Amino acid sequence: YLLYMFKFKEYDVADEEVKQIVEKEPYKVDLPGGGTIFMDENGEVVEEEGISTNGESGSEAVADGNNSETKNGNGESSNSNDVTNDTNKSSGTDASTGSTTTSNEMTVTTIKEKYRPALEGLEEQADVKVNALIVRAKKEYVEKQANGEKIDLGYFYNKYMAAAKDLESNTDKVFDAVLGAVEKDLAANGFDKAEAKAMEEEYEAKKKARRDSIMRRVVGS
């Protein structure tokens, strides 16, 4: 009977307020470098790359033999030899050996950490929507009790788990886009894309915990 009530029985679960929670304010996450991933009104994931432009404050180089003078947007000048020396200092160039070490060398860890804020932002947005679903479920539960209606746990389970699955599907789409960006970054720096697998496993664990929380809190209303 429980299997029938929770899995097979059909319920009228149409609810505009629940639909708004799932669809309103679609996900949007900022990527390192100025890019953005968001979901449009059709439920499609769109990725916009960051745009880098040189405005009036950009630099203008004027050649002068072996030395060059650089004028910035404020009209101030600097000699190319000074720039070269500064560059050598920042990159760790050893004048005696000619060897160079970069202070911002990319590793698998640094690449993955760059995208940590984007994933955390996605999780936060998902949690906000989940909590809104819980609030809506408890509100409906209280209203039915106040009206003397019979509390049908199968109805609550099917209605709010269906909404949670729609929400989860949208979250998955945006996560997959962010993960794809991580994999591209790894490949561009000579690393195996499989290094991002741990991020996927972490996301799946959080997704399961979120789903279990919804079921426990809604059915336990």
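Against the definition (surrounded by fewer than 18 Cβ atoms within 10 Å (Cβ to Cβ) and closer than 30 Å to D12 by Cβ), how does A198 come out, yes or no?
It is false that A198 is surrounded by fewer than 18 Cβ atoms within 10 Å (Cβ to Cβ) and closer than 30 Å to D12 by Cβ.
How many of the residues making up the range 178-207 are of a type in the set (G, A, S), part of a helix (DSSP H, G or I) and under 12 Å from V108 (Cα atoms)?
Of the residues in the range 178-207, 5 are of a type in the set (G, A, S), part of a helix (DSSP H, G or I) and under 12 Å from V108 (Cα atoms).
If I filter the range 140-186 down to residues being among the hydroxyl-bearing types (S, T, Y) and more than 28 Å from the chain's Cα centre (by Cα), which single residue comes out as nearest to P26 (Cα to Cα)?
Y157
Scan the range 156-163 and give yes if some residue there is in contact with a strand residue (DSSP E or B) (Cβ under 8 Å, 6 or more places away or on another chain), modelled with pLDDT of 90 or more and part of a helix (DSSP H, G or I), otherwise no.
Within the range 156-163, not a single residue is in contact with a strand residue (DSSP E or B) (Cβ under 8 Å, 6 or more places away or on another chain), modelled with pLDDT of 90 or more and part of a helix (DSSP H, G or I).
Mind checking which pairs have a first residue in the range 28-41 that is under 11 Å from Y115 (Cβ atoms) and a second that is among the small types (G, A, S) and modelled with pLDDT under 90, Cβ under 6 Å, 6 or more apart or different chains?
As it stands, the answer is G33/G50; G35/G50, since those pairs meet every condition given.
Filter the range 150-175 down to the residues that are under 22 Å from Q125 (Cβ atoms) and free of Cβ contacts under 8 Å to residues at least 60 places away in the same chain, then identify the one that is most open to solvent (accessible area, probe 1.4 Å).
K165
Does L179 fit the bill of being farther than 23 Å from A14 by Cα and either of a type in the set (K, R) or buried (at least 18 other Cβ atoms within 10 Å of the Cβ) (or both)?
So L179 passes the test.
Taking only the range 27-43 into account, find how many residues are closer than 13 Å to Q125 by Cα, surrounded by 15 or more Cβ atoms within 10 Å (Cβ to Cβ) and of a type outside the set (S, T, Y).
So the count comes out to 3.
The values are calculated or read from the model by the stated rules, or taken from the named source; none is laboratory data. Keep in mind that what you see is a predicted model, and the values were worked out from it rather than measured. Ideal geometry is used to build each Cβ from the backbone, glycine not excepted, and the neighbour counts take in all protein chains shown. Just so you know, the surface numbers come from the protein's heavy atoms only, side chains and all, with ligands and any DNA or RNA stripped out. Shrake-Rupley method; radii C 1.70, N 1.55, O 1.52, S 1.80 Å.
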